[in-house]
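Novice: The structure under discussion is supplied below as structure tokens; questions concerning it will follow.
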């Protein structure tokens, strides 16, 4: 009987010790969580100090740590925004685009979402190449800007976005126009006509549209079809945006018909 009591006492003691250990562990974990949260808050504050001091690389390190170590938290979402901004400020446009997209996915701050959407447009514009190169990123930038204006028609950035669209369209028109001139130099006249017409079909409202019309006229001349050149200009008289350009086309027509196209006019169109 005494042995049985002793055994029960030992079992109770083990359970008591186990419960105490578990309680201490819970307390320790709770304290650890508190310490971790405080550490993250301190790192966020430090990151903001770096950010406001325009030390964006140091700020990025702090915000990146918070995002990686406490994903999904409110602090991490706020950090994601400033991480994206820090990347943008240091011209890491591709990384910044990804960071802004992550922020938009989890944020409810409409003002910052709007700015993030516009920042993405800026990032794509910054990474687009000059007109001689591939225009994939330029076309992407155009799409992003148009989507932004549709989604935020009252935004303070709409005017700037519209200006960027105008610039991008001019850039894309220039690409087609220069390609047409290249084919003209190679005496690939049918190909030149295709690209001049693409300028008119896709970018009729750009300043290059009149130059494309003159280019088409000149291509017909080089194909020994003066009649087609004259007919084209006559039919497109009302489509010219500039009276000066239209008058220029008439001078070229008259000079070529009389066989006295000047050297200056020739190089202007064909160089």
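Laboratory data are not the source of any read-out in this text; all were calculated from the coordinates shown. Bear in mind the structure is a predicted one, so any value in this text is a computation, not a measurement. No Cβ is skipped: glycine too gets one built from the backbone with ideal geometry, and neighbour counts run over all protein chains shown.
Novice: May I ask you to sort 127, 166, 256 by Cβ crowding, counting other Cβ atoms within 10 Å and putting the fewest first? Please report the intermediate quantities before stating the final value.
Specialist: Details: 127 16, 166 12, 256 20.
Listed from fewest to most nearby Cβ atoms, that is 166, 127, 256.
Novice: Give me 90, 138 ranked fewest to most by other Cβ atoms within 10 Å of their Cβ, as a rough exposure proxy. Could you put the intermediate results ahead of the total?
Specialist: Numbers: 90 14, 138 22.
Least crowded to most crowded, the residues run 90, 138.
Novice: While we're here: Counting other beta carbons within 10 Å of each residue's own, what order do 65, 218 fall into, fewest first?
Specialist: Numbers: 65 18, 218 26.
Ranking 65, 218 by Cβ neighbours within 10 Å, fewest first, gives 65, 218.
Novice: What's the center-to-center distance, using Cα atoms, between the range 94-129 and the range 163-191 in Å?
Specialist: First find each Cα centre; the distance between them is then 31 Å.
Novice: Then there is this: Between residue 150 and residue 108, what length in nm is gained on full extension when 0.36 nm per residue of separation is reduced by their alpha carbon distance? If you can, show how the numbers build up before the last one.
Specialist: Working: separation 42, 0.36 × 42 = 15.12 nm, distance 1.96 nm.
So the chain would gain 13.2 nm between residue 150 and residue 108.
Novice: Measure off 7 Å from each Cα along the Cα-to-Cβ vector at residue 244 and residue 137, then give the distance between these two points in nanometres to one decimal.
Specialist: That separation, rounded to one decimal, is 3.5 nm.
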